[in-house]
Every structure is written in structure tokens, then in C-alpha cells.
Amino acid sequence: MTDAENFVLAGFVAGFRWVPPAKKWATGLPRAIPTVSDCLTDFLPAGPDIEAWQRPLFEPWQRSFADAAAAAGHAPPSPGTAHVLSMSVTAAQGTVLTALIEGWLGDLPHPIRLNLTRPAAAPPGAVLGFEVLGFDTGRFHSWLCHRHDTTAYDELGIRPGKSGMLTTFSDAEHVVDLLSTDQDDTTWFPALIAEHDIDRGAVETST
């Protein structure tokens, strides 16, 4: 995999695994896939400290681990069990991502921008692997949105693991290079995804 200490926290989401539809285009994908892309799955609302007008710009990103854990802990048990995922990036990619968000939103306190301006490691969690994400006008598109994983396998011999994640940073970088073209305004990058204990977040909220 990789040493998670080499990455900085970008943000948290609270939501559900993506369950690919039983259709031909989704053939070969795992039955349930963790993702931080709102193109693929449903996420839970952010905490009450985010103003109503900011929500369309900031969500699905939570302000803190405690906020994400609280949202997941109060979620109804459908369409699955809610979980908390963190997204971490390299320090260099964090600088790029901060600039992209500031170019899009200015100095508004977007949760990812706030995290990246005070670099820190994600809290302890189960590292799931790498999701290749593309930032475009505020949205994070997964490489699975248009089955770029099939292109990666055909051209690079790289395929995701059982969870739908890539298992090495090197593979994720190769996929980023493949997807990054002069004709595409999307900025692709490898994101280290980890899952975190909701109960631990609940303890943080109460202290």
C-alpha cells in the first residue's frame, strides 16, 4: 500500500457505499464500493454550523471527524450502513487542490481548504486504498464514474482491488497520468481513502 504518514488530511464525508446497478456497463465491479465522490453515492448533510447558502458549495464535505461521525451515527439504516471516510493527499497535491478550490470559491471556508491550510495526518483508521479523483468546478469525480478502470486495465494492465480501490500509490499515479490530457479540464489526483470508527468520533463530540 503506502505509508499514510506521507499524506495530509483533506476532508471527511459521511455516507454510504456505492452499490453499482445490475446493468451491463457495471459488469465486473464489486458489489459495494467505498467512495468520496457524490457522483456515485449518497452522503449525509453536514453539521448545523455550515450556513444554508454554503451547503451546495461545501457538501458533502464535513467540517470535522466529529461532525462526520455524528452525521453517520444518526443516519437511518438505508440504503446501507453509514460510514465515515477520510480523503488524504500528498503535500504537493494539497497545494494544488487548495489553489483549485480558492480559484473556484475564493477564501470561503470550504472544509477541504481549511484542512489543507493546517496540514495534519488523518486520525487512525482502516486504510482502504486509493481512489483516483478528478476535481472540476467543485465536484470530485471518481475514475469509476465513466469506467475509466477498464481503460486503465486495457492500456496499463492496472485494475482495482476487491473494494474497488487501487492498492498502490504508483498504480494510482499511472492512472492519473493516463487520464490527464490537454483536452480535459478535470484535474485528476490519487486520494488515499480510509474508514474511521464512528464511535470514536462520538467520543470526540462529547468531550
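The values are calculated or read from the model by the stated rules, or taken from the named source; none is laboratory data. Please read all numbers here as calculations on a predicted model, not as lab measurements. So basically every Cβ, Gly included, is an ideal-geometry build from the backbone, and we count neighbours across all protein chains shown. Note: accessible area is taken over every heavy atom of the protein model, side chains too, but ligands, DNA and RNA are not part of it. Shrake-Rupley method; radii C 1.70, N 1.55, O 1.52, S 1.80 Å.
Quickly run through region 171-186 and pick out the residues that are under 18 Å from VAL36 (Cα atoms) and modelled with pLDDT under 95.
THR186
For ALA71, state whether it is without any contact (Cβ under 8 Å) to a residue 12 or more places away in the chain, in a helix (DSSP H, G or I) and of a type in the set (A, V, I, L, M).
Judged against the criteria, ALA71 is not a match.
Report whether or not GLY157 is exposed (fewer than 14 other Cβ atoms within 10 Å of the Cβ) and closer than 23 Å to ASP184 by Cα.
Yes.
With the requirement that a residue be touching a strand residue (DSSP E or B) at 6+ places or on another chain (Cβ under 8 Å) and part of a helix (DSSP H, G or I), what does region 78-99 give you?
Result: ALA91, GLN93, GLY94, VAL96, LEU97.
Among the residues of region 17-28, which ones are in a loop (DSSP other than H, G, I, E, B) and more than 18 Å from the chain's Cα centre (by Cα)?
Of everything in region 17-28, those that are in a loop (DSSP other than H, G, I, E, B) and more than 18 Å from the chain's Cα centre (by Cα) turn out to be PRO21, ALA22, LYS23, THR27, GLY28.
Restricting attention to region 87-105, which residues are open to solvent by 50 Å² or more (accessible area, probe 1.4 Å), of a type in the set (A, V, I, L, M, F, W, C) and without any contact (Cβ under 8 Å) to a residue 60 or more places away in the chain?
Hits for region 87-105 are ALA92, ALA99, TRP104.
Search region 65-86 for residues being surrounded by fewer than 19 Cβ atoms within 10 Å (Cβ to Cβ) and of a type in the set (Ser, Thr, Tyr), and hand back the single one that is nearest to LEU9 (Cα to Cα).
Result: THR81.
Any idea which of (1) surrounded by 18 or more Cβ atoms within 10 Å (Cβ to Cβ); (2) assigned to a loop (DSSP other than H, G, I, E, B); (3) of a type in the set (D, E, K, R) is the one ASP185 doesn't satisfy?
Of the numbered conditions (1) surrounded by 18 or more Cβ atoms within 10 Å (Cβ to Cβ); (2) assigned to a loop (DSSP other than H, G, I, E, B); (3) of a type in the set (D, E, K, R), the odd one out for ASP185 is (1).
Given the condition open to solvent by 50 Å² or more (accessible area, probe 1.4 Å), of a type in the set (Gly, Ala, Ser), touching a His at 6+ places or on another chain (Cβ under 9 Å) and under 19 Å from VAL89 (Cβ atoms), answer yes or no: does some residue in region 126-142 qualify?
yes
Do you know which residues across region 100-132 are part of a strand (DSSP E or B), over 18 Å from VAL84 (Cα atoms) and not β-branched (Val, Ile, Thr)?
Within region 100-132, none qualify.
Let me spell it out: the conditions are (1) modelled with pLDDT of 90 or more; (2) closer than 20 Å to ARG63 by Cβ; (3) assigned to a helix (DSSP H, G or I), and GLU195 meets all of them except one. Which number is the exception?
Of the numbered conditions (1) modelled with pLDDT of 90 or more; (2) closer than 20 Å to ARG63 by Cβ; (3) assigned to a helix (DSSP H, G or I), the odd one out for GLU195 is (3).
Confirm whether PRO34 is in contact with an Asp or Glu (Cβ under 9 Å, 6 or more places away or on another chain) and more than 14 Å from SER163 (Cβ to Cβ).
Here the answer is no, as PRO34 does not meet what is asked.
(1) at negative phi; (2) touching a Phe, Trp or Tyr at 6+ places or on another chain (Cβ under 8 Å): which one isn't true of GLY161, the others all being true?
Here GLY161 meets the rest and fails (2).
I need a count of the residues in region 31-56 that are open to solvent by 80 Å² or more (accessible area, probe 1.4 Å), farther than 20 Å from PHE135 by Cα and touching a residue at least 24 places away in the same chain (Cβ under 8 Å).
1
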